1. When the chain is fully extended, how far beyond the present Cα-Cα distance does E167 get from H298, taking 0.36 nm per residue of separation?
2. Quick one: which residues, 5 or more positions from N207 or on another chain, have an amide H under 5 Å from its amide H? H modelled 1.01 Å from N in the peptide plane, none for Pro or chain starts.
3. Could you rank the peptides 110-120, 170-180 by their average count of other C-beta atoms within 10 Å per residue, with the highest value first?
4. Translational diffusion coefficient of the stretch 123-195 at 4 °C, 1.567 mPa s, Stokes-Einstein with Kirkwood Rh over Cα pairs, in µm²/s as a whole number.
5. Which of the trypsin sites (Lys or Arg not before Pro) across the stretch 257-302 are loop residues per DSSP, with 14 or fewer other Cβ within 10 Å?
6. What span do the alpha-carbon atoms of the stretch 149-270 cover on each of the three principal axes, reported in whole Å from largest to smallest?
7. Using a Förster distance of 35 angstrom, determine the FRET efficiency expected from the C-beta separation of E159 and T109, and round it to 0.05.
8. Would you grab the residues whose amide H sits under 5 Å from the one on L142? Only those 5+ places off in sequence or on another chain, please, with H modelled 1.01 Å from N.
Amino acid sequence: MNCYILGVISLFSHFDNSSANLRKELKLNSIDKNHEIASSLDDAKSDFRLSKNTSRKIVFLEKLDSTKHSTITIGEIATNINTLSDVNSDKPTGKIKTKGIVTYRIFFTGKIEKEIPKIIKKGNENKYKYVYIDKKCNEFDLGDYTFKKTPVYRGTKDEFVNLINLEEVPKYFKKGNHQYHFNIDSERSYVNERTLASFFGAMLEVNYLDISCNGFSHEDGSSRPSRSHINGNNGDFKYLRINKTMKCGSGTSLNISKSPDALDVTRQNKWIDALYKFGWKQMLGWSYTIDKKTEYLHHITHKTKNHHHHLHVQSYEPQFKEIKL
């Protein structure tokens, strides 16, 4: 489980007109054009150039080494910055090399293709590559991940499902205008090969930095104490907050029955639409009442017991095609 807390980087209140561009090396894992976020999630270093004249906002994301509840909050300071560019990941990488590995290609349209090469390179027998293709046909490498071939839970003797641990997936990604940041607030951290593709697609559809997942399945495909989250198909997500915080730990999900004003209705509906687009055709949730008006979020038609504090996605039917090369 990844719990983080934000603190503010103090930069500069004034730049000397005669000075050259200032270069400062920071440990970074996230940057957003509206509220740039620098973090030490993976201790990855990036080189940034700073110069004068334009007011921007900077926020620092720091890892919290604790099992206690934590909250991501956003602190801001205005700085005179003319350019702020990640020279290592600012642009898409072009055509992704996928020779010798089974590759999931995730299209912005919601379509998912699984490409199986004639020859799989030694070492890639238990791996899948994931590539996102945007509306401009730019390709984005989302990484290679090891899967575990697992007997289908409640299946027949000869049925198997390939499960992937979300804890092994980078929690932050940014290239060009595409980004995501998520956490896992559950021991049920396993998705299957297809739902991982859909999860990537939905996150890159909305570009949010505060996706909090309350779990899919366990390593063996079970979902105890739940009965419906088996084989990595169905998942739970915290409702999105207006202040864009991510809270971790038991009892930290937003209760939209008690605190509906904290719900970011617009962003939540967009997130639900993205999840629907990439395969989950049924949502379980709750109603919310704001200004004495009671409504439901998109694709939610009624209250489902115990879903006032999280969104449940199920009935997974993606636009999927398998291609043998």
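1. Numbers: separation 131, 0.36 × 131 = 47.16 nm, distance 2.87 nm.
Going from the current span to full extension adds 44.3 nm.
2. Q179
3. Working: 110-120: 15.0, 170-180: 19.1.
Listed from highest to lowest mean packing, they are 170-180, 110-120.
4. Details: Rh = 14.2 Å.
The calculation lands on 91 µm²/s.
5. Working: sites: K258, R267, K270, K277, K281, K292, K293; in loops: K258, K292.
Those that pass, being in a loop and sparsely packed, are K258, K292.
6. Its Cα atoms span 49, 38, 22 Å along the three principal axes.
7. On the way: r = 30 Å, r/R0 = 0.86.
Given R0 = 35 Å and the Cβ-Cβ separation, E is 0.70.
8. Y130, V131, Y132
FYI, it's all coordinate maths here, none of it is from the lab. Since this is a predicted model, take the numbers as computed values, not measurements. FYI the Cβ positions are ideal-geometry reconstructions off the backbone, even for glycines, and counts take in every protein chain you see.
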